Amino acid sequence: MNSGRFELISDEQNRLSLRRPGEEDVKDVRVRRSFPWSNPGRHVSVRSAEGKELVLIEDLAALEEGQRTLIEGHLAAATFIPTITRVENVDVRFGFQQWDVRTDRGPASFRVQEREDIRFHGDGRFSIRDADGNVYELPPLGELDAHSRKAVEAII
């Protein structure tokens, strides 16, 4: 689907509407990343409230700054993936890992059931899915402090 000419407009309740030349505005649209881990700035989908794709934005960087900022704000609000900023402790017991961490959204404790729930991404980051299905982002090991690196190196 080609993006063509379009504009997203935010109303007083912070809902998005899609405006395209010669067409009726589509109210209450959503924006979603097609590849949130591997290519977060590319292939962003604008969808109706029913989930139908209306516009596919090939590259956010190609948009005018105001539109890009608006879309990035809505993407951030729709995505809850805390980034781990420090690993306090990882306790391995009885076949699972108990993680105590600090994130960009505050402290968190969670349990990881399987080693497969920790995934490496090509850019050095890791995604960690806890036993409740929540996902956390772990930056590349070189970006962590020495204590955090030591806590996770043995299990990653």
*Working only within the stretch 99-117, note down all residues that are modelled with pLDDT of 95 or more and within 16 Å of the chain's Cα centre (by Cα).*
THR103
_Which condition from (1) more than 20 Å from the chain's Cα centre (by Cα); (2) among the β-branched types (Val, Ile, Thr); (3) not in a loop (DSSP other than H, G, I, E, B) is the one that ILE128 breaks?_
(1)
_Condition first: free of Cβ contacts under 8 Å to residues at least 24 places away in the same chain and exposed (fewer than 14 other Cβ atoms within 10 Å of the Cβ). Now tell me which residues in the stretch 124-153 satisfy that._
GLY124, ASP132, GLY133, PRO140, GLY142, GLU143, ALA146, LYS150, GLU153
*Among the candidates ILE71, ILE57, single out the residue that is in contact with a Ser or Thr (Cβ under 9 Å, 6 or more places away or on another chain), over 19 Å from ILE155 (Cβ atoms) and in the same structural domain as LYS27 (by TED's automatic domain parsing).*
ILE57
*Can you pull out the strands (runs of 3 or more DSSP E) entirely within the stretch 1-101 that have at least 2 residues that are touching a residue at least 24 places away in the same chain (Cβ under 8 Å), surrounded by 13 or more Cβ atoms within 10 Å (Cβ to Cβ) and among the aliphatic types (A, V, I, L, M)?*
16-19, 26-33, 42-47, 53-59, 84-93
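In this structure, does GLU7 turn out to be touching a strand residue (DSSP E or B) at 6+ places or on another chain (Cβ under 6 Å) and at pLDDT 90 or above? Even if it seems obvious, please write down each step before you answer.
On the way: touching a strand residue (DSSP E or B) at 6+ places or on another chain (Cβ under 6 Å): yes; at pLDDT 90 or above: yes.
It is true that GLU7 is touching a strand residue (DSSP E or B) at 6+ places or on another chain (Cβ under 6 Å) and at pLDDT 90 or above.
The values are calculated or read from the model by the stated rules, or taken from the named source; none is laboratory data. Since the structure is predicted, the reported quantities are computational estimates derived from the model, not experimental observations. Note that we place each Cβ from the backbone using ideal geometry, even for glycine, and neighbour counts take in every protein chain shown.
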